[in-house]
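The values are calculated or read from the model by the stated rules, or taken from the named source; none is laboratory data. Quick caveat, the model's predicted, so the values are computed rather than measured. Every residue, glycine among them, receives a Cβ derived from its backbone with ideal geometry; neighbour counts consider all protein chains shown.
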Amino acid sequence: MTTADLVFTRGPVLTADPARTRATSLAVVGDRIAAVGHDEVRELIGPGTEVIDLTGKLLLPGFQDAHIHPVSAGVELAECDLSGTIGTEEYLTRIRAYANAHPDRAWITGGGWSLESFDGGLPTRQLLDSVVPDRPVLLANRDHHGAWANTRALELAGITAATPDPADGRIEREPGGSPSGMLQEGAQALVSRLVPATTPADRLAGLLRAQELLHSLGITGWQDALLGGFNGTTDPSDAYLTAARDGSLTARVTGAMWWDRERGAEQIDELVANREKLSHGRFRAGSVKIMQDGIAENFTAAMTSPYLDGCGCATTNSGLSFVDPEALRGHVTRLDALDFQVHFHALGDRAVREALDAIEAAVEANGRRGNRHHLAHLQVVHPDDIRRFARLGAIANIQPLWAAHEPQMDELTIPFLGPERAAWQYPFGDLLRAGATLAAGSDWPVSSPDPIQGIHVAVNRREPGAADSPVFLPEQRLDPATAVAAYTAGSAHVNGLDDAGSLLAGNLADLVVLDRDIFTAPPEEIAEARVLRTYVGGSLVHSG
């Protein structure tokens, strides 16, 4: 009888198998699960078997992130990091310290600052000038839909009162028309094109730095939501190929190739060629990322009705659709026929509708090809479109950490949506009840990549540590098992890894061990759980 390389005993083991949701033991042979069950699994223990006692712990399928940017996040970790605080003075202290510590850097770059730190979400160039007046500074905010520039950076880019806004963005301005220092959406590229490019070594180091962090959070695979350059972002493609070829890529990664919204169908042949070129080992590029709109906080998310102003009156602005909706239907139909998955950024209700319309056009033209198209973010979804997800087989790719009351939501979003639309935000419960498949991701570095925190918010609709805050749309809460399934089986489904999202005999041994059973603890304590071990293909990639 073959003995196991690894056996977990004295469970609980959450299998994500509808036929047997819980077990107490699991055995691994090579990179696969050999058996799942109870005491009978112990028969596979031999003299060379490593035995892990799960008493007081929980074994789960490895978490997967369905929408994330690890390489750029890893690169940013080595730059001027403004994450983890909302204090303006703290930002300036960190920027000054970073500039002083790196006197040879021609540009000061990095990011992670929060919109709620500044009135109207709009920092000024003068603030940056006060700490770095002599070198250009460009710092992305945490959602990367805007960037903060100092006067020197704006001067080098030639941005003046006479510079027109680009079609896909906005230059925020002072009363006289001069640039204020905040660049929204595509306007970032006016400055970011001047920033010295990262090197291949920078990108590989960023990937490995990020991979180590993600494994420590129990993440065994992900979908990188942007292969290719956009607004000065890091193109991670070469880093993934290098790591896949030399064996340092231990995660399983799907790459979503960027759809250049300044071009049209002529780029599809390039995407076909790149799908083949950018696939090796544990890395494959079978998805295409179409960013259909922006974000609500800067009024570029595409809405079916106009935003409100500070007085609650309708404006003339309903946001931006970056790809013409009619053209979008044609592009998605052709991509679907070529068996690409389409990964939409769709945040406003009009963008969600346009993406669903495009999927519907593809289904009508091509039949159901099983390409697992998915819509990420889904901040505002019109009630009329909820049931379309299940009908069309469109996957709801949710970012749960955003579904809570916090300053960006309460001060920069709800007042400008109005009460009706505000109640349509992050409708996880409605989508589930309507039969939609849920996947989950973080959009890191926009927000924390920690799946446990995301599960906590999906279940509680409150941020961790905010037990006294009001519950954000409580009818949209998910139960813990559904939230975990979104981060495991759901995201594995999106990533085309059907043998990695559940603990079944024959499946890949991608596993995570938590320090407690989050299903028996009070829901408000979920975020206190910690990852003890992470395995990919039966190999230990994190032990903490």
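Return the only residue of Ala147, Ala99, Ala162, Ala140 being among the small types (Gly, Ala, Ser), assigned to a loop (DSSP other than H, G, I, E, B) and on the phi < 0 side of the Ramachandran plot. Testing whether each residue is among the small types (Gly, Ala, Ser), assigned to a loop (DSSP other than H, G, I, E, B) and on the phi < 0 side of the Ramachandran plot leaves just Ala162. One residue stands out in region 111-137 among those that are in contact with a Ser or Thr (Cβ under 7 Å, 6 or more places away or on another chain) and in contact (Cβ under 8 Å) with a residue 60 or more places away in the chain: the one that is surrounded by the most Cβ atoms within 10 Å (Cβ to Cβ), namely Gly112.
Looking only at region 98-150, residues that are of a type in the set (Ser, Thr, Tyr) and in contact with a Lys or Arg (Cβ under 6 Å, 6 or more places away or on another chain) come to 1 in all. Between Val131, Val137, the distinction of being in contact with a helix residue (DSSP H, G or I) (Cβ under 7 Å, 6 or more places away or on another chain) and more than 20 Å from Arg173 (Cα to Cα) belongs to Val131 only. Taking the condition of being surrounded by fewer than 19 Cβ atoms within 10 Å (Cβ to Cβ) and part of a helix (DSSP H, G or I), how many residues in region 176-207 meet it? Of the residues in that region, 4 qualify.
Helices (runs of 4 or more DSSP H) fully within region 353-470 that include at least 1 residues being over 30 Å from Ala529 (Cβ atoms): 388-392, 407-412, 414-417, 419-422. How do the pairs read when you match residues in region 281-296 that are closer than 14 Å to Trp222 by Cβ with residues anywhere that are of a type in the set (Phe, Trp, Tyr) and assigned to a strand (DSSP E or B), using Cβ under 9 Å and keeping only pairs 6 or more apart or on different chains? Hits for this filter: Lys289/Trp258; Lys289/Phe344.
When region 397-456 is limited to residues that are modelled with pLDDT of 95 or more and among the hydroxyl-bearing types (Ser, Thr, Tyr), the one that is nearest to Gln223 (Cα to Cα) turns out to be Ser442. Only one entry of Ala404, Ala394, Ala436 meets the criterion of being under 21 Å from Met291 (Cα atoms), small (Gly, Ala, Ser) and surrounded by 19 or more Cβ atoms within 10 Å (Cβ to Cβ), and that entry is Ala394. Take region 37-63 and flag every residue that is part of a loop (DSSP other than H, G, I, E, B) and closer than 20 Å to Asp517 by Cβ. His38, Leu54, Thr55, Gly56, Lys57, Gly62, listed by residue number.
Restricting the first member to region 340-354 and to residues that are over 14 Å from Met257 (Cβ atoms), and the second to residues that are assigned to a loop (DSSP other than H, G, I, E, B) and among the aromatic types (Phe, Trp, Tyr), the beta-carbon pairs closer than 8 Å and six or more apart or on different chains are Asp349/Trp424. Within region 481-497, identify whether any single residue is closer than 14 Å to Ile398 by Cα, surrounded by 18 or more Cβ atoms within 10 Å (Cβ to Cβ), at pLDDT below 95 and among the aliphatic types (A, V, I, L, M), and answer yes or no. No, region 481-497 contains no residue that is closer than 14 Å to Ile398 by Cα, surrounded by 18 or more Cβ atoms within 10 Å (Cβ to Cβ), at pLDDT below 95 and among the aliphatic types (A, V, I, L, M).
Put simply, of Ala66, Ala34 the only residue that is part of a strand (DSSP E or B), in contact with a Phe, Trp or Tyr (Cβ under 8 Å, 6 or more places away or on another chain), crowded, with 20+ Cβ neighbours inside 10 Å and touching a residue at least 12 places away in the same chain (Cβ under 8 Å) is Ala66.
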